[in-house]
1. Counting other beta carbons within 10 Å of each Cβ, put 9, 92 in order, fewest first.
2. Quick one: helix 75-87 against the long Cα principal axis of the chain, what's the angle to the nearest 10°, folded into 0 to 90?
3. Please list the equivalent ellipsoid semi-axes of region 6-59, computed as the square roots of five times the alpha-carbon gyration tensor eigenvalues, in descending order and whole angstrom.
4. When the chain is fully extended, how far beyond the present Cα-Cα distance does residue 12 get from residue 69, taking 0.36 nm per residue of separation?
5. Rank 67, 83, 20 by mean-square fluctuation in a GNM of the chain with C-alpha springs under 10 angstrom and give only the top-ranked residue.
6. When 22, 44 are ordered from fewest to most other Cβ atoms inside 10 Å of their Cβ, what list results?
7. Once you treat every alpha carbon in the chain as an equal point and sum by Debye, what is log10 I(q)/I(0) at q = 0.10, 0.20, 0.21 Å⁻¹?
8. Based on other C-beta atoms within 10 Å, arrange 84, 96 from fewest to most.
């Protein structure tokens, strides 16, 4: 079954600092072996001005669980994942998801 790694980034103390690193992080993500598609998003501000539930999301699509798992342990994964979690100061929810439809 197709698999995605979903990375949901919480609001940061300095969202602008993460945003400045984002293009470099996307470049590293695109190098992951087996990656079929990448989807990057930034959470819209709330109309009432209250804090958003998260700041950004990154979805990485793979043909299956084995390919996604292999990407995390690859040399490219060794460059991307520590950089990503470091830039987000660990404020990330990471999900391996079996895509059902």
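1. Going from sparsest to densest Cβ surroundings: 92, 9.
2. 10 degrees
3. Those come to 24, 12, 8 Å.
4. Length difference between fully extended and current span is 17.8 nm.
5. For the chain, modelled as a Gaussian network with Cα springs under 10 Å, the answer is 20.
6. If I rank by nearby Cβ atoms, fewest first, I get 44, 22.
7. Scattering profile of the chain, log10 relative to I(0): -0.27, -0.99, -1.07.
8. 96, 84
Just so you know, all these numbers are worked out from the coordinates, no wet-lab data involved. Here the structure is a predicted model, which is why all the values come from computation and not from measurement. Cβ: placed from backbone, ideal geometry, glycine included. Neighbour counts: every protein chain shown.
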